[in-house]
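The values are calculated or read from the model by the stated rules, or taken from the named source; none is laboratory data. These numbers come from a predicted model, not from an experiment. We place every Cβ from the backbone using ideal geometry, glycine too, and count neighbours over all the protein chains shown. Just so you know, the surface numbers come from the protein's heavy atoms only, side chains and all, with ligands and any DNA or RNA stripped out. Shrake-Rupley method; radii C 1.70, N 1.55, O 1.52, S 1.80 Å.
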Amino acid sequence: CLINAYSKSEEDLSDQVEATLEKMNNFAQDNNAFSSETASSIRPDETTYNSMMNYYASRKNHHISAQRAEDLLLEMSAQSQQQNSGIQMNSTSFNIVLKAWGNSGGGIQGAKRAEELLRMMLKLRKQHENVQPTTLSFSTVINAYSKVAPEVSAIAVDRVLALLDELEGLYFPDSENINSCYNAAANVIAKSSLQKP
């Protein structure tokens with residue numbers, strides 16, 4: 001709850017967010033202060049990591065925040081490899097980091113990084129049922145391409161059309177939300193057309 005509250009602030013509260021995670025880890029590892037049952041309930045979980053990544057994703061035009069969100073996703077992945085950690089990455093975790101790169105102000109590089117993460121999700125989906133790309137994953141990446149500089153808008157349109165082709169070959173249980181992907185793509189194409197001399 002505290003980390004979610006930080007994400008609603010306009011101020012840079014990165015230090016407080018990181019300190020909260022550190023305190024949780026310290027409390028969870030302090031065998032003298034808490035019973036093992038209490039310590040495990042304090043230990044950061046998926047909700048904690050997702051909240052932290054969402055904090056960084058809400059920082060607009062800040063490349064470092066997007067990278068920190070991705071670093072937390074990697075940290076989550078490492079935690080999930082440990083026995084009894086109880087932490088598993090999921091589609092929500094990835095979608096938050098996709099949003100972070102879309103909001104990063106990184107232009108074409110930020111959009112490409114979001115697309116790379118989407119492609120990672122597509123590879124992982126066969127081994128990890130919790131990491132399934134959704135229509136939200138695709139629309140978030142496509143929206144990231146709407147924020148590129150005019151001189152690379154043709155590249156953005158090409159990437160978006162390729163993503164739509166890929167999308168059409170996949171099955172989504174939430175197929176009623178697929179319109180959001182086409183609407184986002186139409187926005188990228190329209191912006192590109194307006195930017196041509």
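For the reader, a short list of remarks on this structure follows.
- Filter result for Lys147 (at pLDDT 95 or above and either open to solvent by 70 Å² or more (accessible area, probe 1.4 Å) or more than 21 Å from the chain's Cα centre (by Cα) (or both)): no
- Enumeration of residues in the range 41-73 that are of a type in the set (D, E, K, R) and at pLDDT 90 or above: Arg68, Glu70, Asp71
- The range 55-70 residues that are farther than 10 Å from Trp101 by Cβ, paired with ones that are β-branched (Val, Ile, Thr) and open to solvent by less than 50 Å² (accessible area, probe 1.4 Å) (beta carbon under 7 Å, 6 or more apart): Tyr55/Ile3; Tyr55/Val17
- Test set (1) more than 17 Å from the chain's Cα centre (by Cα); (2) closer than 27 Å to Arg59 by Cα; (3) at pLDDT below 95 - Glu166 fails condition number: (2)
- Spans of helices (runs of 4 or more DSSP H) in the range 8-125 with at least 3 residues within 13 Å of the chain's Cα centre (by Cα): 46-57, 63-81, 91-103, 107-124
- Pairs linking a residue in the range 152-163 that is without any contact (Cβ under 8 Å) to a residue 24 or more places away in the chain to a residue that is open to solvent by less than 70 Å² (accessible area, probe 1.4 Å), with Cβ atoms under 7 Å and 6 or more positions apart or on different chains, do not occur.
- Which numbered condition Glu116 misses (of (1) within 27 Å of Asn50 (Cα to Cα); (2) crowded, with 18+ Cβ neighbours inside 10 Å): (2)
- Among the candidates Tyr171, Tyr182, residue that is aromatic (Phe, Trp, Tyr), open to solvent by 10 Å² or more (accessible area, probe 1.4 Å), over 28 Å from Ser65 (Cβ atoms) and part of a loop (DSSP other than H, G, I, E, B): Tyr171
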